[in-house]
Each structure stands twice: as structure tokens, then as C-alpha cells.
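The values are calculated or read from the model by the stated rules, or taken from the named source; none is laboratory data. As the structure is a prediction and not an experimental result, all values here were calculated from the model. Cβ sites come from the backbone with ideal geometry, for glycine too, and all protein chains shown count toward neighbours. Accessible surface areas use protein heavy atoms only, side chains included; no ligands, DNA or RNA. Shrake-Rupley method; radii C 1.70, N 1.55, O 1.52, S 1.80 Å.
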Amino acid sequence: MEQHHTKNDGRIAGRPGIAPGRAVMLATASLVALLSSAPLQAQAASQPTQTPAGPTGVAQDQKGAAPGSAATAQSSADATTPTGSADIVVTGTRAAHRSRLDTAAPVDVLSNASLQHQGTPELGTALATVAPSIDFPRPSATDATDAIRPATLRGLSPDETLVLINNVRAHTSASLNINSTVGRGAAAVDLNTIPTAALDRVEVLRDGASAQYGSDAIAGVINLRLRQASSGGSVSLTHGFYDTNVETSRDDRHVTGEPVTTLDAWKGLGFGSDGYLTLSGQITKRAATNRSDLPAPAAVPTPTGPALQGRFGDPDVMQYTGFANAGISISPNWQLYGWAGYQQRHTSSAAFPRPNSSGSIASALLAGYPNGFIPLIDTRSYDINSALGVKGDVNGWSVDLNGSYGRNVVQFRTKNSANYGLGASTPHSFYDGSVAYGQWVGNLDVTRTLDVFKSLNVAFGLEGRREDYAIRPGELASYTLSGAQGFPGFAPANAVKAHRENGSAYVDLEAQVTDKFLLGVAGRGETYSDFGQVATGKVSARYDFSHAFALRGTISNGFRAPSLQEQYFTSISSVIQSDGSQLQSGTFPSISPVARALGGLPLRPEKSTNYSVGSVIRVGGLDLTVDGYLIKLRDQLALSENISPTTAGQSPELDAQIAALLAGTNATAARFFLNGVRSTAKGIDAVAHYRMNTADAGIFDFTLAGNVNKITINRVPTNTAVFTSDAPILFGRQRIVSITNGTPGEKVTGTVDWSRRQFGATLRATYYGDVIQPGTGTTAAVGEPGDIHTGKHVITDLELRYQPRTALQLALGAQNLFDVYPDRVPGNLNANSGVLGFPYYSPFGFNGRYLYGRIGFNF
């Protein structure tokens, strides 16, 4: 497992174990209030429902949607949709028929059109483009993190955002991000397993919601709402390539090519009296990109030419995704529904070069690479999403019972590599083993609106969840002796098979006390088989002084349970140091003997206290929401520093004790997960939207949305290890800088969406504040000479469309129209290999200008 890592010598001042599984526990199930929040609304194919104006400004039915757009046409405004039926939200509230401008907490509604009117096939990238509070960095040379990239909300860890599919908890990836990247230590939901063609819209709740939805909803909730269509369909082919000038510290070159091709399709089928079956799929083929710098002039050349140049950029990807969503009435008052999705993704990314240089030339020659080599990390991800449920009416109470199953398996192979310890007999290709994660969830939700006050919406329910996690070893040659270069395989000693169970119950009350005053109260209790119980609550309120102005606010506490990946992951990884040297870092469970000796303890849940206050302003066609938030986190989980006997500043006695502790582990450094980080996130979200319908020039949607965010670290873990000398550093400067400055403190997106008859266009400009990639500093200061800045930049996107309702449809576009890059990595801060041309913390990537065309057809 390849990682970027720099040495750091700066000093800054539930019980483990798994209860026996009980599969029957799932019958008790859970909640998310799907009936009040997700009415079936199935329609017969012969009776399409007319909806508000779509991107063309004409009321459209399902057959009239733009290619890849929602079956129910919506405005393509990016941050939110105009007020109307498409504006009704189901996230953050269990009261029916509440719009995004009528809620007590901020909710963004991202239409399918706003996600489709881009050149990217990745849902994570599309969301980050249109939602300022979401970031989706694109790290490179970080093994599985290249293939399964996590998104962040409000700058918090990726696993502190809950992801739902139709209000049902989605499963996380089996892959754990153990590299020196944004989101280090997180096992997050892979957003890119859901094709955009399968979606009707995405709702983003920017507020803590653990009391409503359970673990992980500290930063907020991303709810993926699937398309429900009984007729119509669309197919589109998008092809693009990069046309960019790459200016690194040591090189200046022009790149044309590195193509990306995506085929998207969906079809709605009707059956029975009101049944629907919506089929959707996506095929993506992406060529690898390379934005590497050149090796330093002092780098040792190969026997036949210059020093080996690295590969730094997006991996090569081949991906197939299919989804089906269905529903039908089974009686006058009951409906059956469900969905199923499958994805297979194959990626190939590059590790750091292994040149023929001092210290490795003999090994490289003996292994059959006289000119050195670049290991390729081959990742194959297999993902399943599924759910089945019934909902209906029992004596005036809406009842929803469903069960879901999700699973992710990631297999690793290392190619074009070698195990130096095997000498000339080494293979050049290795099977490294696999990781797997599965999740069963059962939900029972009951809701009813009572004639108390103006109205009182009562919701309560149960949830049961079982999770399992496994690590399976690779072949002997992948892990024995020095292991495969680039990604050493999992050894039998790393093999894990663990599971846990969770049960919870909630009550959610939302009262319209008067015409102007809304009050909500929610409470939830959960019990986990591995660490015990936790309780959360939330109070929300809203007062409408008039239709034009309202104030709203919430107070809640939240939590995130330590994942099975954090508790049980173990491996030996190749860590590339700032001087180009290699460190074999072992990741150990926090209660393993090695971690215990270094200060490891049983993991506890993260906890948070969330405050928000905001306003809603509506004047004519303009709506504006401004929401401030304060999130205080304690007992945050983090991956410790790499603790080794060669860390600068340690006493010889401590070095000797650490070396003795690691003897026999095949690792030269150790790390583990730990609690104890305390931080504060505060900021402001603002979204303004204005829709202008002109007689001659067409329809204009103007959106301006921004996020200002600041994270501070208030406390770091202290070492509880007992040594004869000082204890090693557990949490150092690099981790602090990554948390506080690893995502942009300011992000503002302005979008103009125009449509007139068959023609349309989208122009978007996004401003990103400076991000700091931590370097080799030796103090707690942020912005030391060794830190790498991305700089402040504006990225401009443009798409032009010809979109008749039923004929052939065309689009041409450019992402990053003006070919803007983050600040390049200075040559003196780059390793001799010159791999890091640009900071991999960049919130908008570092690929440059991308041109694309799309051809589609509605039917």
C-alpha cells in the first residue's frame, strides 16, 4: 500500500470484542420514515403527470425529459431547484409536503439535470461541483484511495457524513483510507457506485442528524433519491479528452488525449395498474492521466537513459454499473417496492518509481528491472446495493417496513513489481488479497399527522443492523520477506473475520404550533454489541415573520460509532518518505499487543454537539438562505503517526524499545487508531437563487452559493504508554494541518443556466480558497516553508446544448475552461523522483482543461 508520507518530529502539546451474530435480529428492523418521506407516486404509463417547467422552460412529462435528466423534469439550477413540486424534500423532516424553503434545517436539492449537465461520469465529482459544502479531492499514488475516493461535507471527515439511498442507510466501502490524504483513516460510502442516470435528485441536509438517522450524521446527510418512472427513457454517449498545458517545477509540456468515454441509459417500464420498473446503467472507460514532474537533475540515471519518470494522476478505470428501481400496489392501501444495483470497477494506478539508485540497484537488477520500474496497483471493486419493502396504512398510521443489504469487496493485485527478498526468482505480478464489508439493515417506520396545534407529525420506529468485515490474505510471494513493492499483500497474520450488531429506536415529533411557529423534537437510543449504548437528541425551531422572511435553528448532539475497519484493519504498507526512502509501516488494531505497548486503547464513539441558526428570505423570484453552524467534536478517531525507532528527537532508549517491540512484525514503524482529538468546525452556508423568465431571451436560472468554513484543533491525544523514557508522539503536526487546512476555507459557486426552446447553456465559476498540504515542519505552526499550498483559484465550466424533446440531442462542453492548475509543488520540496507535480490535496484536482461532447436521444 503506497502512501505519501513525510517525517515529522514536531511535538504538540465500548469495550472491544464482537458479540455472537444473530441474523434474526434483522426482523426487528429500523426506521427512516419512508412513507411520510418517500411516497410511491407510481403512475400508469398512459397517464404522465405534468410538472413545472424543465430545462427548456416547457412543462414536460416523463417522455419529454432531457437526456439523462429526471423522469419528472426539473430546473437545472445547480444549488437548488425552483419552488414547486420538485422542491418537496424528504430529508431532515418526516412531515409530508414540506419544501426546502420551509424546513427548520438547511437542505439543498440538486436536480438530475444539474448533475448531468457536466462532463464527469462520477457522482462524487458532480456533487462537489454544484454543492459548495461538498468537496471531492482527487489524490494519486495512494493505492485504493485512488480508486475509491471519499467526499467531505463542511470539511469534516468523510465518515462523518451519512449517505442514504431513498432514506435507507447505504453501506460503506470495504476500503480504509490509511494514506496521507484528506480523509485519512476513514471508511466512507463510495458515491460513485450509483450512476447519475439512476437518480431523480440528491438532497443534502447540512445539519447534524444523528437523532433522526443514527450514527455518522455529524456533518449532515446526503440522500440519493432514485428515479421512479413507468415510461420514457434516455440514452446518451459522452466522450471527452484533456487539452492542457502542464507546467511543473522542472517541465513544461502540452498534453492532448487521455480520453474518457461514458455510456448512460435509463428506461421506465409500467406494469399492472400502477407499477413501475426503472432500469438504468452506466459504462465508463477512463484512460490514466499523468501530471508528474520530472526527476531531479541529481537523480541517478538508468543504464539506458534518464532517470525514471513517475506517473501521477487519475488511474485507468473500466467500470460497469446497473440499477433497477421498482414499485407496485399490492392492495388498495399497501405497496411493494425495492431496488437493486451492482457495480464492477477495475482501476490501475501507479505507485512511486523504484529507480536503479543507491540502495536498490542490486535488488532491481536481480529482480529483472535493469532500468528500475513503476509498480502498478490493480484494484477490483465489486459492489451490491439492494432493498425490499412494503408500506401502507394501518388505522390511519402510515407504516413502512423494509430490509436492505449492501456489500463491497475490493481485491488487490500488484503488477510490474517485485519482491526484492526473493531475488531473481521473484514474480512480477502478485495477488495481494482482499477486504470485504457487508451490511444488513432492517427498518420499521410509523408516521401520522394529528390534529394537534395546527398539525402535529408523529414518527417513530426501529432499526436493526448487522455488519461484517473480513480481510483475506494474498499469495505467499506478495507478503513474505520484503513483500511486493508498491503494495505488499495481506499476510495470514492480517486475516480478519469480524461482525457486530446494532439496534435502535427513535421518536420524531414536528409540530406546526401556530401559522408562524414550527417546533421539532427528536430522540434516539442505540445499542452496539461491541461498545455499548448511546443516546442522541435534537430540537429544531422555525419562525416565519412573513412569507418573505423566516428564522430557523437547531441544537443537537451526535455520534459516530468506530467502524469495523478502524477496529480490525491490519497490514504492512510501503510509505515513501520525503527524502525518497521507503518505510515499512504496520497498521495494527488499537488493542493489539504492539498498539497497547505504544498507548493503544479500546476505541470509543466520536461525539458531537451541533448548533445552527439561519434565515430564509423570499422576495419575488429571489430566494436566499443563510445558515451559520458550530460543530464541537470530542473523542474524534484518528490514525496515529508512524511510530518508528528512527524518528528525530527521540532518546536512544526509546528508539531501542520501539525497535524491540517491532522485531518480528516485518514493520519498521507502527500506527493504530485512537480517540482523543477534540476540534471545532464553524462556518456559514449561503445559497441564493433567482429565476427569470423573459419573453424573448428565454429562461435564466441564477444561483450563487458559498461556504466559509474554519476548523480548529482544541486538543490532541496524549500517549498513555509506559516506557523508561519519553513516550513517542501519537498525533503530530501533519495530522493537525491536514484536518484544519486540508479542505478549502472558502468555496463559492456562481451558475447561470439558460434555456430557450431547444437550446440551453450552463456557465459556472467556482472559487476555491487555499488548501495546505502539510510538509516536513517541526513545529505546530501552519504555513511553514515545508508546507505545500494549492493557492486560490477560480475554475470555469461551460456547456452548450441542443435539446429538442424527442429528437437527437447534442451538447458540447469544457470543464476548467481556462486550464487552471493548483500551485505547483516547488522543486526543492519534491522528492528526487519528481513524482508530485502538484499537491494532491487540491480540491479541484490537477488534470487541467477537459473538453467533451455528448449525444443523446429521448424515447
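General observations
- One residue stands out in segment 631-643 among those that are modelled with pLDDT of 95 or more and open to solvent by less than 10 Å² (accessible area, probe 1.4 Å): the one that is farthest from Pro602 (Cα to Cα), namely Ile631.
- Total residues in segment 795-809, condition open to solvent by 10 Å² or more (accessible area, probe 1.4 Å) and either more than 20 Å from Gly856 (Cα to Cα) or among the acidic types (Asp, Glu) (or both): 3
- Pair list, Cβ < 7 Å and 6+ apart or interchain, from segment 681-692 residues that are closer than 27 Å to Glu160 by Cβ to residues that are part of a strand (DSSP E or B) and among the small types (Gly, Ala, Ser): Ile684/Gly628; Ala686/Ala705; Ala686/Gly706; Val687/Ala705
- None of Leu279, Leu294, Leu263 is buried (at least 18 other Cβ atoms within 10 Å of the Cβ), within 23 Å of Arg227 (Cα to Cα) and out of contact with any helix residue (DSSP H, G or I) (no Cβ under 6 Å at 6 or more places or on another chain) except Leu279.
- Residue within segment 481-492 that is open to solvent by less than 10 Å² (accessible area, probe 1.4 Å), in a strand (DSSP E or B) and either modelled with pLDDT of 95 or more or closer than 30 Å to Asn666 by Cα (or both) present: no
- Annotation note: of Asp530, Asp544, the sole residue that is among the acidic types (Asp, Glu), buried (at least 17 other Cβ atoms within 10 Å of the Cβ), at negative phi and modelled with pLDDT of 95 or more is Asp544.
- Across segment 413-427, the qualifying residues are those that are open to solvent by 10 Å² or more (accessible area, probe 1.4 Å) and within 33 Å of the chain's Cα centre (by Cα), and the one among them that is farthest from Trp334 (Cα to Cα) is Asn416.
- Sole exception among (1) modelled with pLDDT under 90; (2) open to solvent by 10 Å² or more (accessible area, probe 1.4 Å); (3) of a type in the set (Gly, Ala, Ser) for Gly628, by number: (1)
- In segment 129-150, the residues that are part of a helix (DSSP H, G or I), closer than 19 Å to Pro822 by Cα and open to solvent by less than 10 Å² (accessible area, probe 1.4 Å): Asp146
- Residues of segment 232-257 satisfying the condition of being under 15 Å from Tyr821 (Cβ atoms) and not in a loop (DSSP other than H, G, I, E, B): Tyr242, Asp243, Thr244, Asn245, Val246, Glu247, Asp252, Arg253, His254, Val255
- Test: residue in segment 112-129 that is at pLDDT below 90, in contact with a Leu (Cβ under 9 Å, 6 or more places away or on another chain), of a type in the set (Asp, Glu) and at negative phi: no
- Any hit, segment 409-424, residues being in a loop (DSSP other than H, G, I, E, B) and either out of contact with any His (no Cβ under 7 Å at 6 or more places or on another chain) or closer than 22 Å to His171 by Cβ (or both): yes
- Check on Gly368, over 21 Å from Thr289 (Cα atoms) and either charged (D, E, K, R) or modelled with pLDDT of 95 or more (or both): no
For every residue, the table says whether it meets (1) among the hydrophobic types (A, V, I, L, M, F, W, C); (2) touching a Gly at 6+ places or on another chain (Cβ under 7 Å).
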| residue | (1), (2) |
| --- | --- |
| Val246 | yes, yes |
| Thr262 | no, no |
| Gly268 | no, yes |
| Tyr276 | no, yes |
| Leu279 | yes, no |
| Thr284 | no, no |
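Residues are listed down the side, and each one gets a yes or a no for (1) open to solvent by less than 10 Å² (accessible area, probe 1.4 Å); (2) at pLDDT below 95:
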{"residue": "Leu564", "(1), (2)": "yes, no"}
{"residue": "Val575", "(1), (2)": "yes, yes"}
{"residue": "Gln582", "(1), (2)": "no, yes"}
{"residue": "Pro589", "(1), (2)": "no, yes"}
{"residue": "Gly600", "(1), (2)": "yes, yes"}
{"residue": "Val616", "(1), (2)": "yes, no"}
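- Listed by first and then second residue, the pairs linking a residue in segment 511-529 that is of a type in the set (Lys, Arg) to a residue that is part of a strand (DSSP E or B) and surrounded by fewer than 19 Cβ atoms within 10 Å (Cβ to Cβ), with Cβ atoms under 6 Å apart and 6 or more places separating them unless they lie on different chains, are Lys516/Tyr543; Lys516/Asp544.
- Residue in segment 661-674 that is more than 22 Å from Phe487 (Cβ to Cβ), open to solvent by 10 Å² or more (accessible area, probe 1.4 Å), out of contact with any helix residue (DSSP H, G or I) (no Cβ under 6 Å at 6 or more places or on another chain) and modelled with pLDDT of 90 or more present: yes
- Selection within segment 503-515: residues that are among the hydrophobic types (A, V, I, L, M, F, W, C) and under 16 Å from Ala105 (Cβ atoms). The member of this set that is most open to solvent (accessible area, probe 1.4 Å) is Leu509.
- Scanning segment 213-228 for residues that are buried (at least 17 other Cβ atoms within 10 Å of the Cβ), of a type in the set (Phe, Trp, Tyr) and either over 29 Å from Leu808 (Cβ atoms) or modelled with pLDDT under 95 (or both) turns up at least one hit.
- Looking only at residues of segment 746-794 that are surrounded by fewer than 19 Cβ atoms within 10 Å (Cβ to Cβ) and of a type in the set (Lys, Arg), we find that the one that is modelled with the lowest pLDDT is Arg757.
- Sole residue being within 30 Å of Asp316 (Cβ to Cβ), surrounded by 17 or more Cβ atoms within 10 Å (Cβ to Cβ), among the acidic types (Asp, Glu) and at pLDDT 95 or above, chosen from Asp432, Asp445: Asp432
- Selection over segment 648-659 of residues that are closer than 22 Å to Thr570 by Cα and open to solvent by less than 40 Å² (accessible area, probe 1.4 Å) gives a count of 1.
- Residue among Val235, Val204 that alone is touching a strand residue (DSSP E or B) at 6+ places or on another chain (Cβ under 9 Å) and open to solvent by less than 30 Å² (accessible area, probe 1.4 Å): Val204
- Complete set of residues in segment 660-687 that are part of a strand (DSSP E or B), more than 30 Å from Val130 (Cβ to Cβ) and not hydrophobic (A, V, I, L, M, F, W, C): Arg671, Asn675, Gly676, Arg678
- So Gly442, is it more than 30 Å from Ser215 (Cβ to Cβ) and not in a helix (DSSP H, G or I): no
- Where strands (runs of 3 or more DSSP E) fall entirely within segment 749-859, none has at least 3 residues that are closer than 27 Å to Leu110 by Cα and among the basic types (Lys, Arg).
- Leu518 vs. criteria on the phi < 0 side of the Ramachandran plot, crowded, with 18+ Cβ neighbours inside 10 Å, among the hydrophobic types (A, V, I, L, M, F, W, C) and modelled with pLDDT of 95 or more: yes
- Scope segment 281-328; condition among the small types (Gly, Ala, Ser), assigned to a strand (DSSP E or B) and under 22 Å from the mean Cα position of the chain (by Cα); matching residues: Gly281, Gly322
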